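Engineer: Input: one structure, supplied below.
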Amino acid sequence: MSIKRKACVVGAFEHPARKAPDKSVAQLHAESARGALLDAGLTKDDIDGYFCAGDAPGLGPLSMVDYMGLKVRHIDSTDTGGSSYVVHVAHAAEAIALGKCDVALVTLAGRPRSEGSSGTQARNYGAAAPDVAFEFSYGMATANGYAMVAMRHMYEFGTTSEQLAWIKVAASHHAQHNEHAMLRDVVTVEDVLASPMISDPLHRLDCCVVSDGGGAVIVARPEIAKSLNRPVVNILGAGESPKGQNGGKLDITTSGAAWSGPAAFSEAGVKPSDIQYASIYDSFTITVLMQIEDLGFCKKGEGGKFVADGNLISGTGKLPFNTDGGGLCNNHPANRGGMTKVIEAVRQLRGEAHPKVQVKDCHLALAQGTGGQLGSRHGSATVIMERE
Amino acid sequence: MSETVERTIPAPAINPENERYFEAARQGVLLIGKCNACGEYHFYPRTLCPHCFSDNTEWVPAKGSGVIYTYSTMRRGVPAPYTIAYVTLDEGVSMMTNIVDCDTDALKIGDKVSLVFKPAEDGTSVPMFTLESA
């Protein structure tokens with residue numbers, strides 16, 4: 001059994017807030033859900049499945065279903081960090097294919113900017129996490145974990161800081177057209193290299209923004225999608241993969257995308273060269289480079305050459321990516337960027353991206369999420385979608 | 001050369017499964033997991049082998065030397081710069097650690113390092129590494 005063309009993304013909404021000290025997290029979830037319903041042309045009572053992850057407050061789906069007054073017959077609170085929402089789209093398609101629900105709502109929201117979150121703070125996942133005793137004392141934050149991946153990638157493959165910088169340059173070219181983006185100035189490779197070193201070899205401009213906000217998507221049965229007055233976006237295939245330290249036999253220059261990607265391509269029946277637009281999780285520039293390699297857009301180790309010279313810029317490059325500006329320039333709500341990856345891919349397929357970055361006749365797109373910590377244990381999720 | 005500024009080392013979260021690791025550390029010994037069923041080492045050590053899931057495991061002393069697998073010095077947003085790393089031990093498994101007591105600006109992947117212990121804020125000994133030549 002496959003999810004291919006068994007479900008469609010019918011609603012997508014990105015919350016415009018980038019700093020929301022005057023809103024609650026639950027409110028941001030609900031406002032995002034309402035936006036997605038309005039986008040789809042559905043009402044709250046149409047929803048019979050609800051999906052959320054660790055950013056949902058309280059008891060997750062229990063708190064949020066009650067807060068929003070939903071009546072659902074299917075819930076899923078799979079949490080794989082920032083990749084959760086890409087997983088949720090796939091799980092929603094599975095649930096719909098199995099008849100467990102007809103209209104699934106996925107929400108994300110958070111306020112890390114208002115709450116003073118920073119990628120240089122050591123992350124503590126709680127004393128019961130089995131790895132914490134062996135890692136927390138060493139100051140594993142977000143930035144230095146990804147930096148260790150970049151350092152090793154440079155060692156193994158000769159990747160350079162200039163090549164990584166091209167990823168930010170491309171994102172900034174897209175963000176200039178997004179009125180909601182936090183960073184709208186077009187930057188150069190030199191600008192990235194001149195920004196302060198945060199954790200070697202990652203500069204400040206190699207890092208994503210910290211933002212409040214949220215987003216939501218609605219996945220529905222194809223018959224429902226066809227009844228709505230919107231372009232039909234079919235889900236073709238998906239893959240998900242956790243990757244860790246393998247009992248100490250480290251291999252940190254390969255991400256979980258090396259498994260989630262082929263699974264998604266196989267189910268969709270397409271290959272990387274068929275993809276016209278890709279949303280690639282961009283917590284850091286190295287995150288993008290690793291996933292591009294592991295998804296098969298280029299050979300392993302050749303990501304540096306692939307991303308250089310504007311190859312990710314819409315209109316000029318071979319693989320237009322993150323045309324909203326992505327996490328590197330636009331937003332990174334709740335420190336979890338998987339939702340916005342799905343949303344921009346849906347915009348591209350509908351022809352609703354900004355005209356300056358819209359991929360011409362975009363009918364096949366990919367959304368790729370990474371969650372957790374690339375340098376220790378992370379989730380990877382890939383979804384491939386088409387415009388019917 | 002950047003000076004290695006002392007940073008406060010957060011205390012590890014000790015539980016019934018891992019407490020012998022930190023007891024050994026207090027005696028200056030780094031324990032790693034070894035499986036008597038499949039013969040493989042693992043890190044961090046645990047009761048069931050993560051390779052073959054046998055319960056016939058023991059926690060054995062590591063020699064305490066290895067090479068830097070990767071590293072990064074955090075320079076911004078922290079009270080004092082510090083260097084996080086993965087070190088591949090001679091036994092073949094890699095562990096997260098800090099590189100201390102040396103010129104961390106001169107580090108390279110592949111550099112030989114040896115075991116030292118540093119006290120966490122609660123006095124628990126935490127295994128770290130320094131350049132072998134230092």
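Every number here is computed from the coordinates shown, using simple stated rules; none is lab data. All values reported here derive from a predicted model rather than from experimental measurement. Glycine also receives a Cβ, built like all others from the backbone with ideal geometry; neighbour counts cover every protein chain displayed.
Engineer: Can you give me the long-range amide H partners of residue B:116? Hydrogens built in the peptide plane at 1.01 Å from N, cutoff under 5 Å, separation of 5 or more residues or another chain.
Structural biologist: For residue B:116, whose amide H was placed from the backbone, the distant partners under 5 Å are B:128, B:129, B:130.
Engineer: Order of B:111, A:206, A:294 from fewest to most other C-beta atoms within 10 Å?
Structural biologist: B:111, A:294, A:206
Engineer: Could you tell me how many degrees, from 0 to 90 and to the nearest 10, lie between the Cα long axis of helix A:25-40 and the main elongation axis, the longest principal axis, of the Cα atoms of chain A?
Structural biologist: 60
Engineer: Would you please classify the overall shape of the range A:149-285 from the alpha carbon gyration tensor, given that a ≥ b ≥ c denote the square roots of the eigenvalues, rounded means a/c under 1.5, and beyond that prolate means a/b larger than b/c while oblate covers the rest?
Structural biologist: oblate
Engineer: Right, another one. Taking a quarter of the surface of the Cα convex hull of the range A:1-47, what do you get in nm²?
Structural biologist: About 4.7 nm², averaged over all directions.
Engineer: So, one more: Rounded if a/c is under 1.5, else prolate if a/b beats b/c, else oblate: with a ≥ b ≥ c from the C-alpha gyration tensor eigenvalues square-rooted, which is the range A:1-136?
Structural biologist: Oblate shape, in that a/c is at least 1.5 and b/c is the bigger or equal ratio.
Engineer: Springs between alpha-carbon pairs under 10 angstrom, Gaussian network model over chain A: which of A:298, A:208, A:52 fluctuates most?
Structural biologist: Its mean-square fluctuation being the largest, the pick is A:298.
Engineer: Would you look at the GNM of chain B, springs on alpha carbons closer than 10 Å, and say which of B:26, B:75, B:46 moves the most?
Structural biologist: Comparing B:26, B:75, B:46 in the GNM, the peak value goes to B:75.
Engineer: Cα centroids of the range A:274-311 and the range A:121-154: how far apart, whole angstrom?
Structural biologist: Answer, in whole Å: 24.
Engineer: Over chain A, consider all pairs of different Cα atoms and compute the Kirkwood hydrodynamic radius from their mean reciprocal separation; express it in Å, one decimal.
Structural biologist: Every distinct Cα pair counted, the radius reaches 20.3 Å.
Engineer: Round to the nearest 10 and give me the degree value, 0 to 90, for the angle of helix A:285-295's Cα axis relative to the longest principal axis of chain A.
Structural biologist: With both axes taken from Cα atoms, the answer is about 70 degrees.
Engineer: Classify the range A:347-388 from the C-alpha gyration tensor, please: rounded if a/c falls under 1.5, else prolate or oblate depending on whether a/b exceeds b/c. Write out the running numbers ahead of the final one.
Structural biologist: Numbers: a/c = 4.71, a/b = 2.35, b/c = 2.01.
Judged from the Cα gyration tensor, the range A:347-388 comes out prolate (a/c at least 1.5, a/b above b/c).
Engineer: Return the sequence-ordered ³J(HN,Hα) values of the range B:62-68 in whole Hz as given by the Karplus equation 6.51 cos²θ - 1.76 cosθ + 1.60 applied to θ = phi - 60°, using x for Gly and Pro.
Structural biologist: 8, 5, x, 10, x, 10, 6
Engineer: Can you pull the Rg over Rh of chain B, Cα-only, Kirkwood? Let's see the in-between values first.
Structural biologist: Working: Rg = 15.4 Å, Rh = 15.6 Å.
Over the Cα atoms of chain B, Rg/Rh equals 0.99.
Engineer: Turning to a different aspect of this structure: Exceeding 25 Å between C-alpha atoms, which entries from my cross-link table qualify? They are A:271/A:341; A:249/A:318; A:168/A:318; A:4/A:168.
Structural biologist: A:249/A:318; A:4/A:168
Engineer: Can you list residues from other chains, or at least 5 along the same chain, whose modelled amide H is less than 5 Å from the amide H of residue B:80?
Structural biologist: When sequence neighbours closer than 5 places are left aside, there are no close amide H contacts.
Engineer: Taking the Cα atoms of the range A:62-101, report the difference between the largest and smallest coordinate on each principal axis, in whole Å and largest first.
Structural biologist: Sorted largest first, the three principal extents are 26, 25, 10 Å.
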